[in-house]
1. Evaluate the following for B:TYR64: is it in a strand (DSSP E or B) and modelled with pLDDT of 90 or more?
2. What are the residues in segment A:357-383 that are of a type in the set (A, V, I, L, M), touching a strand residue (DSSP E or B) at 6+ places or on another chain (Cβ under 7 Å) and touching a residue at least 40 places away in the same chain (Cβ under 8 Å), if any?
3. If I ask for residues that are among the hydroxyl-bearing types (Ser, Thr, Tyr), under 27 Å from the mean Cα position of the chain (by Cα), surrounded by fewer than 18 Cβ atoms within 10 Å (Cβ to Cβ) and facing chain A (nearest Cβ under 9 Å), which ones from segment B:221-263 would you list?
4. Among the residues of segment A:439-462, write down those that are free of Cβ contacts under 8 Å to residues at least 40 places away in the same chain and hydrophobic (A, V, I, L, M, F, W, C).
5. Tell me, please, whether a residue that is surrounded by fewer than 17 Cβ atoms within 10 Å (Cβ to Cβ), within 14 Å of chain A (Cβ to nearest Cβ), among the small types (Gly, Ala, Ser) and touching a helix residue (DSSP H, G or I) at 6+ places or on another chain (Cβ under 8 Å) can be found in segment B:176-189.
6. Might you check whether a residue that is among the β-branched types (Val, Ile, Thr), under 17 Å from B:ILE87 (Cα atoms) and in the same structural domain as B:LEU162 (by TED's automatic domain parsing) occurs anywhere in segment B:223-245?
7. In segment A:19-68, which residues are at pLDDT 75 or above, more than 7 Å from chain B (Cβ to nearest Cβ) and in a loop (DSSP other than H, G, I, E, B)?
8. Any idea which of A:ASP531, A:ASP552, A:ASP472 is at pLDDT below 85 and either in contact with a Ser or Thr (Cβ under 6 Å, 6 or more places away or on another chain) or closer than 27 Å to A:VAL450 by Cβ (or both)?
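The values are calculated or read from the model by the stated rules, or taken from the named source; none is laboratory data. Keep in mind it's a predicted model, so treat the numbers as computed, not measured. Please note: Cβ atoms are built from the backbone with ideal geometry, for glycine as well, and neighbour counts cover all protein chains shown.
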Amino acid sequence: MTIFGLTLAGLPAGAAAAIALVGAAALTGLYLLKLRRRRVVVPFAPLWAAALGETQSERLSRRLRRWLSLALQMLFGALVLLAAVDPRPAEADRAGRSVLILIDRSASMSATDEPGSRLGSARRVARGIVAGLGPADRAMVATFASGVAAETGFEADVRSLEGAIDEVTGTEEPADLPRALGFAAAALRGRPHPTLILVSDGAYGANARAQAPAQALSGVDVRFAPVGTRGDNVAIISFAARRDPADRGSVQASVVVQSFRDGPCEVALEIGTVADGGAQEGPGSEGAAAEIVVVERARLGLAPGERKTHVLHEVAAPGARLVARLVRASGGGGGGDDLAVDDRTYAVVPALPRRRVLRVGGGNLFLEGALLSLGGQVVVRRVSTAAAESTRARWPDYDAVIFDGVAPAPAPTAGRFLYFDPAGAGSPFPARGALRDPVVSDTQKLHPLVKHVALADLNVREAQRLTIEPGDTAVASSFGSPLIVARVRPGLRVAALAFDPRHSDLPMRTAFPLLLANAVEWLASAGVDTDAADVATGGVSLRTGRTFRVGDADIPVARVGFHRVATAGGAAGAPAAVVAANLSDPVESDTHPSAALTLAGRAWPRPPDAGPGGPRQDLWAVALIAAVALSLFEWWSYHRRWTV
Amino acid sequence: MGAGRFDERFLRKLEYLYVVSKKIFAGQNRAERRTRQVGSGIEFADHRDYVAGDDLRTIDWSVYGRMERLLVRLFEEDEDLSIYVLIDASASMALGAPSKLDLAMRAGAALAYVGLANLDRVAVYPIGEGLGEGLPPARGKGRILPLLSWMGGVEANGRTSLAKAAAAFVHRHRRRGIVIVISDFYDPAGYAEALDLLRYNRFEPTVIQVTGADDARPPLRGDVTIVDVETGDEREVTVSSAVLDAYARRHSALLRDLARFCRERSIPCFQTTSDVAFDDLVLRAFRGSGLLA
């Protein structure tokens, strides 16, 4: 409803009219109502008559002043009512926009190339957008990093919007631009004059730009408000630790450093171990709860955009926590390192799981020696051939059961087994003859059983011709005759050597304990998710902004640092795994800001300084102030007897 | 109220006033007051035209020689002074804090006392819408207590009509003397007729106007209904500063006009408010105009 070019955004017109009529009638009634006057006895009334006669000319003015008082009260009521109906210029009301202010609070927004960081600059920009809203605009504040959060609804309350902006804090997560734009499209769907203003540094990769939901934003007025001035950053984009495959007791660490600066620079890289400081994990605990013991220092010279990898060998004992940090980048291109969150990365040396191995067979010093060489990785129990059958019920309890020269019948259909020279009715691979002086002609080098194992010149005196079934893998063979076979069935893993190692020079080679370790690990990993196993051992480096599933649990990772993972409902005192989380996002670490944004071929212009319809005109506030001023004037005039 | 009007302290002050009056009027013989009564005295009083039948011995031949006009000499006659005290006891005299009637009664009692102590003939009458029943003329200090007793019981009520009261007074009393009128002079018909009537009947009026302390500018504000204490007339008034100023001007004019009227006619006039001590008023009267001289 439009009245004199104004729309009423507050009290409905009908209600306002009713209130006005009732109020006017009540006020008039009160004024017309004769009040009981105080009776005063005077000695000589004719004097009063004479005095009033002198002011006879004032009687009319006194009556007029009474009506003036009534008029002032009516005007006061009208002003209050006007404030209540909240009039707004109709033209501006029709042009009212639905503005979604989307603020990027990903890790790159904590860069310090702007006063107080880019996020501080973004908050200032957002406040400026709110201040420029038109009188009929409705705005919503939302933030995003890897997830999206709506900080307010669509509202016109400037103070509420500014309060929400002031409370926006940064994250250590990478930005998920497609997800954020998808949220924006959904939020603006169906709203009048939808407008999206993205406040960001524009540090998005090509994939993110390509995946932007352009179609969903087709009817939306999209704007881009850039922040950020430069891209001086050197980052550790990867830091991982692993067990040396050749020596499971040894650990290697790899650090990848990349410069995103425009000029060459030199950085000092420190790698250290952190002792267990207790319950507190993450970057905040390092200085306070635990001391970093530097185990390696390196100086790296980086050209603009160059990426370097630094590898450490035998860095630490299994289970240790490692920290890699950049110290004081220097060089051309300006201030240094604007982003601190990627200057420090974390890794946990995976602990070695202890495998339970059951060896069934007679004495075999070679085999026993090889098992001993695995050290604490295995716990071996030896059972004689005669007692093999008595242990059948417990075979599934072991990570690996080694049948050395024996094949109990019937062959097991579930479990994890390693056969050396199986024979007889219990052999899972029936023999169809013998093979003399076989030569290893083919090897499946990528198979885990033979990883890092060289068998090319293996000397074997005699082997069996094993029969394999479809689905079995001849890991190593001699001109079609499998020498090492592997079988994987649901619930069953079997590896077999077609020969007795003692009838070869295999025990004399380093390949033997390696082959044995590979076999135990391959058998032990059957039916277990590798990632889960690694998480359990603490060997996973997670990326912030993602959710990882461990068992039945989804683990969100929001901050860099060490995270302790414990299974809910686990046994009391059960140790929790420690995993490391890092930003590890070269796109996010590349803090070069974008002055402009183009998505799906559509350019996003800068937002205007003010909304249509001119600056906000809170007529209701003007009316309220006028009512208060009028009330004060009426009070003052009453005491001056101007309206009495 | 009447019993407390003349207490021990009041009586002591009466004695004091009597002593003061003696000092002021020292040398005067008792009961020797001159009046304007023309009689057979030896002191020349006045001339008048000769009419047939006048004693030829009274013709002033020196005047005839100068003016060739026959005039007879008149002589004063010594006589006792009569003092009449007329006290306004209308309803308006009950207002004021203290009430005007209290001051009027006390001042009237004091004047009567001095007169009685000086062996003058004193009469006291209340006036309102006419002349009330008071104490007829009497002489001697022995009349003091009855006088005070009677004056202590007088209550204020009724309307004011000074003219009617004066007419009734002059009709009742032939003996000339001093008439002391103690009133607030709030008479709708005015005071001129009454005072002129007294003068025309050869009385010597003296005016003592007593008004209330708040009568000049009442402490009123806002919307009020004023009620005349004597007539009961009501009037709705919105009392503002302008109205109060106008009223004050009117009241001041009333007092001023009375003073001017008395001055023009050589009538002693004393104006006071009810919050003044009665002895101060009486002394002022003694010293101011030769009252009772």
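1. Considered against the rule, which asks whether it is in a strand (DSSP E or B) and modelled with pLDDT of 90 or more, B:TYR64 comes out as no.
2. Correct list: A:VAL357, A:LEU358, A:VAL360, A:LEU367, A:LEU371, A:VAL378.
3. B:THR231
4. A:LEU446, A:ALA456 - these are the residues of segment A:439-462 that are free of Cβ contacts under 8 Å to residues at least 40 places away in the same chain and hydrophobic (A, V, I, L, M, F, W, C).
5. yes
6. no
7. none
8. A:ASP531
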